[in-house]
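First up is the structure itself, then whatever we jot down about it.
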């Protein structure tokens, strides 16, 4: 049986020469990190789609309720416009632009904040990006400050109290626009 001990000793020494304790700890760390990431993987929820109402019945309900929408919900010059749920500033629709375009002579800030707004016409949530338009003079018309689902300043991309024109030349804030980035999947 001494020959078996010799073989195992040689193999153990060979492994110890090629791999140190740090590599073993590294592998165990990777394994633990991988196990912690398993809950972050996507989950197939297609079986839940059969339990939800059909798209046509939802659209019929949305069309019926669209007649009973509050005033201003579809007017881009009011704070009640559904896409303005997280806006803070002057509305570009009142300043010579629209809800999706800056007024002439201004530039769009490349830095934005985002919000998630419910469109009552179809009952779906939309991801909305808010961009500041920057120029030489401020607009001063149609001020809106809606803070639905606003986050503290340490999460800057979700906060609307920052002057996003600080990176532009000129850096004077004029007004804000809102772009739809996506829609919640049903």
Q: For residue 160, work out the one condition from (1) at pLDDT 75 or above; (2) surrounded by 15 or more Cβ atoms within 10 Å (Cβ to Cβ); (3) not in a helix (DSSP H, G or I) it doesn't fulfil.
A: (1)
Q.
For a quick check of your reading of the model, give me the residue pairs whose first member lies in segment 99-123 and is on the phi > 0 side of the Ramachandran plot and surrounded by fewer than 16 Cβ atoms within 10 Å (Cβ to Cβ), whose second is modelled with pLDDT of 85 or more and outside any loop (DSSP other than H, G, I, E, B), with beta-carbon atoms closer than 8 Å and at least 6 apart or on different chains.
A. 105/135
Q | The listed residue being at pLDDT 80 or above, assigned to a helix (DSSP H, G or I) and over 17 Å from the mean Cα position of the chain (by Cα), out of 175, 139, 144, 165 | A | 165
Q. Going through segment 121-143 one residue at a time, which ones are farther than 21 Å from residue 166 by Cβ and touching a helix residue (DSSP H, G or I) at 6+ places or on another chain (Cβ under 6 Å)?
A. 121, 122, 123, 128, 141, 142
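The values are calculated or read from the model by the stated rules, or taken from the named source; none is laboratory data. What you are looking at is a predicted structure, and each value in this text was computed from that prediction instead of being measured. For neighbour counting, all protein chains shown are included, and Cβ atoms are generated from backbone atoms with ideal geometry for every residue, glycine included.
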